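*Asks:* Okay, handing you the structure first.
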Amino acid sequence: MSNEDLFRSPYSPSESTDELPVDPYAANMPGYPGIGRGFYFLSVIGVFLSLVFLYLVNDGTWGTPVLIGMVLFLVAVNIAATAFRLINQGSSGWLALLAAVPIANLYIWLRCLVCPEGYAEHRTLDLLGKVAGVLALCGTLFLIGAG
């Protein structure tokens, strides 16, 4: 050990030229964090099928405390998936809370299914988004008309 090492402060920066590894979750990375359309669609289908299964297993009742807790957990999973999908579009994840508002939830759902990655910046739909938008809008109007 040299004399310089003995008197060097332990709090001084190291002399290493190694750079820190790139954080894949950093906000300044190219691309957008969050989940894409496909995974969001699968998560919504999974939550819906789980709710149907829970309803059928409990003979069409929702009253037990365990079942209520499971339903609330699935609702939280759906809100989290919606938040990550909105972040992937470049929007705020807090918009996912609008899923609790009756008419706004249709807008959020349609936006999550239709808009591509980074939509908040480039405002253009791709072919898949246009097809999904027409199908989702027709399905929504059908359900509203049938009810």
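The values are calculated or read from the model by the stated rules, or taken from the named source; none is laboratory data. Worth saying up front: this structure is predicted, and the values here are computed from it rather than measured. Glycine gets a Cβ as well: all are built from the backbone with ideal geometry, and neighbour counts include every protein chain shown.
*Asks:* Regarding GLY34, is this residue under 30 Å from HIS122 (Cβ atoms), at pLDDT 80 or above and touching a Phe, Trp or Tyr at 6+ places or on another chain (Cβ under 8 Å)?
*Replies:* Against the criterion (under 30 Å from HIS122 (Cβ atoms), at pLDDT 80 or above and touching a Phe, Trp or Tyr at 6+ places or on another chain (Cβ under 8 Å)), GLY34 qualifies.
*Asks:* Here's a follow-up. Taking the options ILE87, ILE79, ILE103, name whichever one is free of Cβ contacts under 8 Å to residues at least 60 places away in the same chain and in contact with a Leu (Cβ under 9 Å, 6 or more places away or on another chain).
*Replies:* Going through ILE87, ILE79, ILE103 in turn, just one is free of Cβ contacts under 8 Å to residues at least 60 places away in the same chain and in contact with a Leu (Cβ under 9 Å, 6 or more places away or on another chain): ILE79.
*Asks:* A further question on this structure: Would you check if LEU51 is touching a residue at least 24 places away in the same chain (Cβ under 8 Å), out of contact with any Cys (no Cβ under 7 Å at 6 or more places or on another chain) and either aliphatic (A, V, I, L, M) or in a helix (DSSP H, G or I) (or both)?
*Replies:* Judged against the criteria, LEU51 is not a match.
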